[in-house]
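Beneath this line is the structure, given in structure tokens, with notes to follow.
The values are calculated or read from the model by the stated rules, or taken from the named source; none is laboratory data. Every value quoted in this text rests on a predicted model; they were computed, and no experiment measured them. Cβ sites come from the backbone with ideal geometry, for glycine too, and all protein chains shown count toward neighbours.
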Amino acid sequence: MPRLIVVARPRSGSTAVMEILGSHPEIQNLGEPLNPVHCDLPTNEEEVYKYFDDKLSQKPAGWPRPWNAFKIHAYQKDVQKFRWDNLMHYCGVEAAIVVWRKEIVESIVSTKIAQLTGKWYSNKECNTITSVNISKDHLEWRIQEDFKNWSDLFEQWPIEMRPIFIQYEDLFYSNDNKTIPEHFQTVFEQIGIDRCDYVKCHAKRQNPAPLKEKVFHSLTLTRPLKEKNFVSEIELSKLVHKTWYTSGY
């Protein structure tokens, strides 16, 4: 049974991507095996592979589907102490999706808000604005951590696997999600499965307000920091260039 991995950072739309994938008749959504809510998480590389073997081998409920999709956040590599190439090979991953968000400060602030409220997902529109305190030093530290996590990911990327990139801003530029099914037809083709016009996304954007309304004392943050874009520091294609591009894949 082929497996599909989705790699992302928190608050970049990966839960919605998993929801969309799971609405395709050929893909089973196995969720996030390393979600911190689980009490039996592994703590070293050897335990990680056995853990995934157990989790991914469990027979899912409902009608069996050819593909199994699961999600991992980029930071979890350091927490659970595994290598990306070893994990993907061990799990029999045949396709990989990388979900990323250009507005990196927005994703960091969104993560901080979700940690405060405990609300990581909603299928209802929300007009309530939640604000948090976040310092310049914290933002700079989180940005550097994100850059390291992505660099580690592609440093260990399997040489034979071509990643499928999904950018948050491209996927969710429409508030009503009506453009998502058409956007995903290309993704399905890249995975190697049939198109499906009836995929759905019920997830809604939370706290859709300008950054200045979500961060207390946002004026103390410098403009270059607030406008920090992921691709201005790390271009994903360049990170992958040394792997499948240079190897003819």
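Pairing residues of the range 150-170 that are farther than 12 Å from A8 by Cβ with residues that are charged (D, E, K, R) and part of a loop (DSSP other than H, G, I, E, B), at Cβ distances under 6 Å and at least 6 apart in sequence or on separate chains, gives Q156/R83; E169/K102. Taking the condition in contact (Cβ under 8 Å) with a residue 12 or more places away in the chain and of a type in the set (S, T, N, Q), does Q76 pass? When the stated conditions are applied, Q76 passes them.
Tally the residues that are within 18 Å of L87 (Cα to Cα) and crowded, with 17+ Cβ neighbours inside 10 Å, restricting the search to the range 18-32.
Counting residues in the range 18-32 that are within 18 Å of L87 (Cα to Cα) and crowded, with 17+ Cβ neighbours inside 10 Å gives 2.
Considering each of S151, S135 in turn, give the residue that is over 19 Å from A114 (Cβ atoms) and either modelled with pLDDT of 75 or more or in contact with a Leu (Cβ under 9 Å, 6 or more places away or on another chain) (or both).
S151
When the range 120-130 is filtered for residues that are touching a Ser or Thr at 6+ places or on another chain (Cβ under 9 Å) and either over 25 Å from F147 (Cα atoms) or at pLDDT 80 or above (or both), only T130 remains. Taking the range 64-183 as the region of interest, the helices (runs of 4 or more DSSP H) fully inside it that hold 3 or more residues being not acidic (D, E) are 76-80, 84-91, 104-117, 136-155. The set of residues from the range 1-32 being in a loop (DSSP other than H, G, I, E, B) and under 21 Å from F154 (Cα atoms) comprises R9, P10, R11, S12, G13, E32.
State whether one or more residues within the range 84-101 are among the charged types (D, E, K, R), closer than 17 Å to P158 by Cα and touching a helix residue (DSSP H, G or I) at 6+ places or on another chain (Cβ under 9 Å). Looking through the range 84-101, at least one residue is among the charged types (D, E, K, R), closer than 17 Å to P158 by Cα and touching a helix residue (DSSP H, G or I) at 6+ places or on another chain (Cβ under 9 Å). Of all residues in the range 33-63, those satisfying the criterion of being assigned to a loop (DSSP other than H, G, I, E, B), more than 20 Å from the chain's Cα centre (by Cα) and exposed (fewer than 15 other Cβ atoms within 10 Å of the Cβ) are C39, D40, T43, N44, Q58, K59, P60, A61, G62, W63.
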